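Everything on this sheet refers to the single structure shown next.
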Amino acid sequence: MIYTTQKFQQSISGESHLPTFNHRFTLTEETNWIYFEVEVSRACWFNMLLFDPNGVPRLQYMQGKSSPKGIVLHQDAQHSSAATLPGPLPLGEWTLEVYVTDNATSDKVKKELEYQIACEAGSQELPAITEDIVPFGYDKWAEYDSNGFVLNSYNWDDAIEEGEKWYKGDFHTHTILSDGSMTREANLKTAQQQELDFFVATDHNIISTSWLEGETLVIPGVEITSTKGHWNALGASRWIDYRPSRKDGGLETEQGVNHLLKEANESGALCSMNHPFLAPWHWQMEHTSLSGIDSIELWNDPTFRANGQATEKALLFWSHIWNEGYTITGIGGSDSHLLPHKSYETGGKPSLIGDPGTYVWAERLSASSILGNVKKGHVYVSRGPVLDFSAQVGETSYKIGEDLTHAMDQNGYEALCKIALTHDSEEVMVHWMEDGKLVHKERGLSSSYAVNWKDQSYHWLRVEIRSIDGELLAFTNPVYYGKKQPTVQTWGELIQKARVTGFEN
Ligand SMILES: [Zn+2]
């Protein structure tokens, strides 16, 4: 039986700021499924959410160039689409909320636009699907919750490998569920070819509610994507209501972003600022509280030309962040949007998951262990060299990211830091950065540098690996001594302060 056939048509013309529309329909009889087909008159940034009568988001949708036009929300996961929340479909009034802009960097619709959402509901037999749908997959992550959904079917502590070591992963990936070209299967396959131990699923404004079986650890996440900058909630364990229709403006306002960072953090996610200096997707929210940021994506897809400069700027600004006393972890992300054989630059290297690779020291290969160690800074990022770093204080060796305060207080204030690289060329330079200054440079596959911090004030030391002509190959997070009380609180204030010393935004 098919109960409802409805079409919602909307035209948007002229200058509309973040146009948002609610389309409602009512289920009056027992229903097993609802099928939607979305048609948009031109390419745009199209976001759609479906809320059931209890206000639970049951479907998250974005229309990119490769995304499906058809979506099924079914009682049974096996018939439902990816990014839905399968389960009983309560009777009553359902709401589709759509917000749409010209593109990812505009908060307006300036050029006329039309869309149509055809909607059908029924029971027993399956809908007559006319468009490809992306199946839900076998690994269900999400369950209902009074405030939305929670990812409590995801096994946060389950290890797919035991043992302390450096695990290689990627903190920024996309699929056809937003504006990527890769299916989830293709992401898994490429990750395996790239010898990744893990990656985080970070589609734009879509928190994955399921995934597929595979040999790589897939960690739930989302790239909260506003027109003024992007950030990842890594390890998102519940629905994050980012909607611009929220009272505080959600992802699109300064106040909304600070609230969202706090909410995401309280739910256990790491908040990671993405490609902060990569225009036009750079971070433009000046009032963002620096204490709300756990990590920062310093190195976004190196095959994308503009990232050369954006990464250098990010590294420089990261030094200002650390000098201010914020011990924010630096990570990398491929931001993979292309098929594995495609390049952004003609004749250039293909843009691949795992380039750059972010290496995390962890007790085991589980989401909680990986994310917990990112928070602690046990991280380096590399396009090739495998690093072996140690900071020796007294008799004990410490790894990347360690707070050496206690060890130095007990054993004198000297640390002998050593690095050895496994790499296919000896033609590399090791750069030692102490408190933001390049203090020592050495050519070759090993180097050492001793610090003496007997003044007992706050200090830090990290390493960059570069080619002979200066191209970045890898960087570590700092080891450090002491604490510093920051004097500025926001992103914008720190940019201002950095400008005094010549930093150009
Ligand atoms: Zn982004």
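Of note:
- Residue list for segment 192-226, filter: among the charged types (D, E, K, R), within 16 Å of the ligand (Cβ to nearest atom) and in contact with a strand residue (DSSP E or B) (Cβ under 6 Å, 6 or more places away or on another chain): Glu223
- So Leu212, is it surrounded by fewer than 23 Cβ atoms within 10 Å (Cβ to Cβ) and of a type in the set (A, V, I, L, M): yes
- Subset of segment 315-335 (residues that are modelled with pLDDT of 95 or more and either part of a strand (DSSP E or B) or within 16 Å of the ligand (Cβ to nearest atom) (or both)): Thr329, Gly330, Ile331, Gly332, Gly333, Ser334
- Residue that is away from the ligand (no atom under 16 Å from the Cβ) and of a type in the set (Asp, Glu), where the choices are Glu312, Glu252: Glu312
- Residues satisfying the stated conditions in segment 227-239, i.e. of a type in the set (A, V, I, L, M) and either part of a strand (DSSP E or B) or more than 16 Å from the ligand (Cβ to nearest atom) (or both): Ala233, Leu234
- Residue within segment 117-134 that is outside any strand (DSSP E or B), closer than 27 Å to Asp301 by Cβ and touching a strand residue (DSSP E or B) at 6+ places or on another chain (Cβ under 9 Å) present: yes
- Per the listing Lys108, Lys65, the residue uniquely surrounded by fewer than 18 Cβ atoms within 10 Å (Cβ to Cβ) and in contact with a His (Cβ under 8 Å, 6 or more places away or on another chain) is Lys108.
- Unmet criterion (only one of (1) surrounded by 16 or more Cβ atoms within 10 Å (Cβ to Cβ); (2) assigned to a strand (DSSP E or B)) for Gly137: (2)
- Some residue of segment 288-296 being assigned by TED's automatic domain parsing to the domain that holds Thr346, of a type in the set (D, E, K, R) and either touching a Ser or Thr at 6+ places or on another chain (Cβ under 9 Å) or at pLDDT 95 or above (or both): yes
- Among the residues of segment 299-308, those identified as in contact with a Phe, Trp or Tyr (Cβ under 8 Å, 6 or more places away or on another chain), outside any strand (DSSP E or B) and more than 13 Å from the ligand (Cβ to nearest atom) are Thr303, Arg305.
- Any hit, segment 140-161, residues being touching a Gly at 6+ places or on another chain (Cβ under 7 Å) and more than 22 Å from Ile353 (Cβ to Cβ): yes
- Given (1) within 16 Å of the ligand (Cβ to nearest atom); (2) touching a residue at least 40 places away in the same chain (Cβ under 8 Å); (3) under 16 Å from the mean Cα position of the chain (by Cα), number of the condition Ser181 does not satisfy: (3)
- Conditions (1) assigned to a loop (DSSP other than H, G, I, E, B); (2) touching a Lys or Arg at 6+ places or on another chain (Cβ under 7 Å); (3) of a type in the set (S, T, N, Q); number of the one not met by Ser106: (2)
- Test: Leu96 is at pLDDT 95 or above and either part of a strand (DSSP E or B) or over 20 Å from Ile133 (Cβ atoms) (or both): yes
- Qualifying residue in segment 487-500 (condition: closer than 27 Å to Arg383 by Cα, touching a residue at least 24 places away in the same chain (Cβ under 8 Å) and assigned by TED's automatic domain parsing to the domain that holds His259): no
- Strands (runs of 3 or more DSSP E) enclosed by segment 426-498 - at least 1 residues per element that are farther than 22 Å from Trp361 by Cα: 428-434, 437-443, 446-452, 459-467
- When segment 460-492 is filtered for residues that are over 24 Å from the mean Cα position of the chain (by Cα) and among the acidic types (Asp, Glu), the ones remaining, listed by number, are Asp469, Glu471.
- Residue count for segment 153-173 under the criterion of being outside the structural domain of Ile331 (by TED's automatic domain parsing) and within 16 Å of the ligand (Cβ to nearest atom): the result is 0.
- Filter result (within 33 Å of the chain's Cα centre (by Cα), surrounded by 14 or more Cβ atoms within 10 Å (Cβ to Cβ) and assigned to a strand (DSSP E or B)) within segment 392-425: Ser397, Tyr398, Asp403, Cys417, Lys418, Ile419, Ala420, Leu421
- Residue in segment 20-27 that is within 30 Å of Glu185 (Cα to Cα), touching a strand residue (DSSP E or B) at 6+ places or on another chain (Cβ under 9 Å) and either among the β-branched types (Val, Ile, Thr) or assigned to a strand (DSSP E or B) (or both) present: no
- Under the condition of being part of a helix (DSSP H, G or I) and either buried (at least 23 other Cβ atoms within 10 Å of the Cβ) or within 16 Å of the ligand (Cβ to nearest atom) (or both), the residues counted in segment 262-298 number 1.
- The single residue among Leu371, Leu338 that is of a type in the set (A, V, I, L, M, F, W, C), in contact (Cβ under 8 Å) with a residue 24 or more places away in the chain, crowded, with 18+ Cβ neighbours inside 10 Å and in a loop (DSSP other than H, G, I, E, B) turns out to be Leu338.
The values are calculated or read from the model by the stated rules, or taken from the named source; none is laboratory data. This structure is a prediction, so every number in the text was calculated from the model and none was measured. A quick note on method: Cβ atoms are made from the backbone with ideal geometry, for glycine too, and the neighbour counts reach across all protein chains shown.
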